[in-house]
Amino acid sequence: MATEQPHWRKNLEDAATHRIPGDSVLRWALLALLLLAAVLRLWDLPHIPYTHDEISTLVRVYPTLGETVTKGVIERDTHPPGVQVFEWAWTKVFGTSEAAVKLPFILMSLLALFFLYRFTFAWCGGNVALISTALLATLQYTVMYGQIARPYAAGFFTTALLADQLTRYLGSGSRRSLVGIGVAALLSAYTHHFALMMAVFMVITGFFLIPSTKRKEYVIACGIAALLYLPNVPIFLKQLGEKGLAEWLAPPTAAWVPDYLWWIAHCSLYFAAAWGLLILGSALLRIRRRDNIGPLWAVTIVWGLLPLAIGYAYSVWRAPVLQYSVVLFSFPYLLIGVLAGLRHMRPSWTIPVAYMVAAISVFTLINVRKHYEVFYRSKYEAGVKGILEASKNPDRLAIVEMPEEIPAFYFKQWGIDSASVPFVNLRTRSAHFVDSVLSATTAAEVFYCATAGAVPENLVRIQQAFPFMMERHEMVEGQTFKFSGMPNSAKLNDLSHASVVTPEALKGEGWNVDADLPSSRDTTGKSGLAPKTWDLAGHEFGAVFEHSVFDLTSGENDILEARMDVMSAAPGSELKLVMELMEGERSTFYRTSGDGPALGRSTLFTAIPLSDLPEHGLGARLKVYLWNPGGKAARVTSIGVHVREGNPWLYGLFQPLKEPLLFP
């Protein structure tokens, strides 16, 4: 007959007597895992590039603390001011190099692992504590966010500290742990709104778990923390009124949770199988032993599941906020809850299982998720380096499409005089501006860096002026290109499925031209060899292309592109080139070439990136057609459609990586 397990309070009391619970073998095993975690996070520290969010934080650090809070948080941020204030103080002392800025956040993520180990040991014993630490030490989830100097690593630390201090207070009743609860709760509240939510849930849970004789001092300590948070309440209410991140974040769909779980498993069947065995073993052992670990299951639901459920519901019914990053703080408690049954596993299996799980996790982190290849390649660094190289080549024009503050940040970071490195930034610029830049330049080559969200037609416009692609490189949320106006041996081609229609009896697959659309050739020129054109005067439509998207594309992130060459158009012409995705008779996506054609010869472009569309548009039918509202005079010489190979790593940090890269 199995021996009866000690009451959960007795377990907490025993664990609270040790700074590092467990026997010497378990402690050494923990140390090895913490060292592994440190190596994974500190690998090539000086060259871990900044993310967009980190640069956004640093450009909002002002000379004074007051300006940093007012201009950097209240006016421009959606997070509490804690991390921004910390960055202001830290960078004043240690500077803004990647290593200096990231190091404290990496250390916080490592300390969080230790506190979570102590928390788990107190509630579930050494088996679960070591195995969960092995996972938290090696998952891309915790490794990547531990390397980013943002509220995620900080909130991971503060909430772990709160869980640890609350547990030790329940076990010992010490005033030191009570102070730790207040400090950790306050830090969590000033770090991230989801960390604040976690702190509230933890504090409320603690009130029902502590002995009644301790509740008065507990309420006083938590009340002091709440009073110290009051200065941030106006900021919190203002940020709450901004209704989330709807400008760039979509509400979660039914696929959000499965995608999240698949990402946690490193998008690997082997690692998913290992997860499945751990969870199944935990469930079977719990059923077999009729396990009861007191309030741990309630803690798992309130601390682990409830923040996810609230974030999902808020994102669906009010405004999008749910991302993998914001449920990082609650993830460890879900993990501990589903693995809690492993406390009944034979102790001799603990270290082999923990190390085997860690080995699979590290292998898939490096070889499946390719973390150190993907995360360490910065689109912004590549773009700014392309600007610098172009400045040394008088025949090369540098064009980028990225937030205005990014080049300025790197110029300052690298000590470069911005006046010495001319470039053109297309962010927020019109199509006419792009055309004017391309027509005015005398350069023989163009370097182009496009980040996620770039106007897709700009790439087509650049290649129209500089037809020969010399280089193309893929990065997460960005690409770089080099084009030439002259053919060369390094020419690359990323286009496929070209289909063109012209009045010259050339009609590619999928095109249909109205039989009554007149065509003629201008014979007034000296050579008499002007191309044949369609005369659109009095015609609203005339030529249409239709084809299944599934049959056109080979990749989920491909780009559908179309162009229309216009010989001439009457002043005020509203002639447009339209691309539309259809499901049956219902239009699911619609995009036009924008403003009407310029006077004289011009080309209209339109493009649809499939990367952000539901199901990547693969269930739809592509429809491309000319539209001449008002029927004003215009002459068109050709319309063409083609598919551009997409960037398979566009969202590679959070989606399965598509391999191999055709343009590494």
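Read-outs: derived from the displayed coordinates by stated rules, not from any lab. Remember, predicted model here, so these are calculated numbers, not experimental data. A quick note on method: Cβ atoms are made from the backbone with ideal geometry, for glycine too, and the neighbour counts reach across all protein chains shown.
On full extension of the chain, what length is gained from Trp248 through Asp612, given 0.36 nm per residue of separation minus the C-alpha to C-alpha distance?
Full extension of this stretch gives 130.0 nm more.
Taking every pair of alpha-carbon atoms in the range 10-374, what share in percent sits in each 20 Å bin, from 0 to the bin with the longest distance?
29, 60, 11, 0
Taking only C-alpha pairs under 8 Å that are 6+ residues apart, what is the relative contact order of the range 10-374 in percent?
21
What residues of the range 314-338 lie in the reach of a label at Ile279, counting those whose backbone N is under 20 Å from a point 7 Å from the Cα along Cα→Cβ?
Counting only backbone N, you get 323-338.
Work out, in µm²/s and without decimals, the Stokes-Einstein translational diffusion coefficient of the range 1-76 at 37 °C, 0.692 mPa s, Rh from Kirkwood over C-alpha pairs.
Calculated translational D: 186 µm²/s.
Could you go through the range 420-435 in sequence order and give the Karplus-derived ³J(HN,Hα) for each residue, using 6.51 cos²θ - 1.76 cosθ + 1.60 with θ = phi - 60°, rounded to whole Hz, and x for Gly and Pro?
8, 10, x, 7, 10, 9, 8, 4, 6, 7, 7, 5, 5, 5, 4, 4
Please compute the Kirkwood hydrodynamic radius over the chain, one decimal place, Å, based on all pairs of different Cα atoms. Each step should come with its number before you reach the end.
On the way: mean 1/r = 0.0355 Å⁻¹.
Answer for the chain: a Kirkwood hydrodynamic radius of 28.2 Å.
Relative to the present Cα-Cα distance, how much length would full extension add between Val219 and Glu373 at 0.36 nm per residue of separation?
Residue separation times 0.36 nm, minus the Cα-Cα distance, leaves 50.6 nm.
Principal axis extents for the range 414-460, Cα atoms only, whole Å, descending order, please.
33, 28, 17
Identify, among Pro352, Phe121, Ser499, the residue whose Cα sits farthest towards the positive end of the charge dipole of the chain, taking +1 on the Cβ of Lys and Arg and -1 on the Cβ of Asp and Glu, with the dipole about the Cα centre.
Most positive-ward Cα: Phe121.
Return, ordered by residue number, the residues of the range 554-590 whose backbone nitrogen is under 16 Å from a label point located 7 Å along Cα→Cβ of Ala633.
567-575
Please state the equivalent ellipsoid semi-axes for the range 278-413: what are the square roots of 5 times the Cα gyration tensor eigenvalues, largest first, in whole Å?
For the range 278-413, the semi-axes come out at 47, 23, 10 Å.
Identify the residues of the range 85-116 with backbone N under 16 Å of a label point that sits 7 angstrom from the Cα of Ser174 along the Cα-to-Cβ direction, or state none.
Residues 115-116 qualify, since their backbone N sits under 16 Å from the label point.
If each DSSP helix of 4+ residues adds -39,500 (n - 2.57) and the sum is divided by the residues in the chain, what number results at 222 nm, nearest 500 deg cm²/dmol?
Roughly -14500 deg cm²/dmol at 222 nm, from the helical runs in the chain.
So what's Rg/Rh here for the range 351-399, counting alpha carbon atoms and using the Kirkwood radius for Rh?
Rg/Rh: 1.42.
Treating only the Cα positions of the range 163-301 as identical point scatterers, give the base-10 log of I(q)/I(0) from the Debye formula at each q in 0.14, 0.22 Å⁻¹.
-0.94, -1.21
Mind putting a number on the dipole of the chain about its Cα centre? Charges go on the C-beta only, +1 for Lys and Arg and -1 for Asp and Glu, and I need it in Debye to the nearest 20.
The dipole of the chain has a size of about 2480 debye.
With equal scatterers on the alpha carbons only and no solvent term, can you work out the Debye log10 of I(q)/I(0) for the range 127-170 at 0.15, 0.19, 0.32 1/Å?
Each listed q corresponds, in turn, to -0.45, -0.69, -1.03.
Dividing the Cα convex hull volume of the range 495-645 by residue count, how many Å³ per residue is that?
So the per-residue hull volume is 113 Å³.
Calculate the FRET efficiency for Ser420 and Phe663 from the Cβ-Cβ distance with a Förster distance of 45 Å, rounded to the nearest 0.05.
0.90
Percent of Cα-Cα pairs per 10 Å bin, from 0 to the last occupied bin, for the range 334-427, please list those.
That works out to 13, 28, 16, 13, 14, 12, 4, 0, in percent per bin.
In degrees, nearest 10, range 0 to 90: what is the angle between the Cα axis of helix 215-229 and the longest Cα principal axis of the chain?
Tilt of helix 215-229: around 30 degrees.
Quick one: if the Förster radius is 60 Å, what FRET efficiency do Ala255 and Lys491 give, using the C-beta to C-beta distance and rounding to 0.05?
After rounding to 0.05, the efficiency reads 0.90.
Over all Cα pairs of the range 260-339, how is the pair count split among 5 Å bins, expressed in % and running from 0 up to the last occupied bin?
Using 5 Å bins, I get a P(r) of 3, 14, 18, 20, 19, 14, 7, 3, 1 for the range 260-339.
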